[in-house]
């Protein structure tokens, strides 16, 4: 079982996280903390994951994590209403960084990242190529050729070698077969290969416009922005 501590000064916010965790068969909540001081007492020998609100009175979630020696620090998923803490979250090696109000799909993605870190990945094997069926004809697209993927109704469309290929699989199911170190969801309807991002242009609403190396422009939603920033730092 994955032992989890939920850290938030607001009881209603803690309840929301706890409700989402109840449906996870491999997770047990072992601690509830109300502030950064209580968080600072946690150690990896009794907690695998801390789900931490960044902004709390007194000692913040980030400061509470920083107090814990790196070798003893549990994995962390950070929660915040603002997107200005991404750099420090990256420095503290947070597994993920989620914006409030929480999106159920993004919350699930964060838990999958935790499972991979702990070696308890329940995902299918990473795909090396995709099979495209058109009538009775089959063609094969190597993963290395894919630059980005978009949702097309109940299916997903691969963009590779300057062409668009329809795959009879949902974007959500397909995302579980991709290497998370290389491919990242940037919008409900789009996944990009991180090393194909040539430029990111922030927008006033905290979304961004991505320009890929082939000239394609895509919208990146603020919900996914911090995970994208961390991924771009790793690639750089």
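Computed values, structure above
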quantity	calculated
Residue satisfying condition, being touching a helix residue (DSSP H, G or I) at 6+ places or on another chain (Cβ under 9 Å) and surrounded by fewer than 21 Cβ atoms within 10 Å (Cβ to Cβ), within set 96, 104	104
The stretch 118-161, subset surrounded by 14 or more Cβ atoms within 10 Å (Cβ to Cβ) and in a helix (DSSP H, G or I), residue farthest from the chain's Cα centre (by Cα)	145
Number of positions in the stretch 31-48 that are more than 16 Å from residue 11 (Cα to Cα) and not in a helix (DSSP H, G or I)	8
Residues of the stretch 49-68 satisfying the condition of being crowded, with 24+ Cβ neighbours inside 10 Å and in a loop (DSSP other than H, G, I, E, B)	54
Test: residue in the stretch 167-180 that is surrounded by 14 or more Cβ atoms within 10 Å (Cβ to Cβ), part of a strand (DSSP E or B) and outside the structural domain of residue 99 (by TED's automatic domain parsing)	yes
Enumeration of residues in the stretch 71-93 that are on the phi < 0 side of the Ramachandran plot and either exposed (fewer than 14 other Cβ atoms within 10 Å of the Cβ) or assigned to a helix (DSSP H, G or I) (or both)	71, 72, 81, 82, 84, 86, 87, 88, 89, 90, 91
When residues of the stretch 181-191 are limited to those that are part of a loop (DSSP other than H, G, I, E, B) and touching a residue at least 40 places away in the same chain (Cβ under 8 Å), the one nearest to residue 112 (Cα to Cα)	181
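The values are calculated or read from the model by the stated rules, or taken from the named source; none is laboratory data. Treat the numbers as computed from the prediction; the structure is a model and nothing was measured. In this analysis, Cβ positions are derived from the backbone assuming ideal geometry, glycine residues included, and neighbour counts consider all displayed protein chains.
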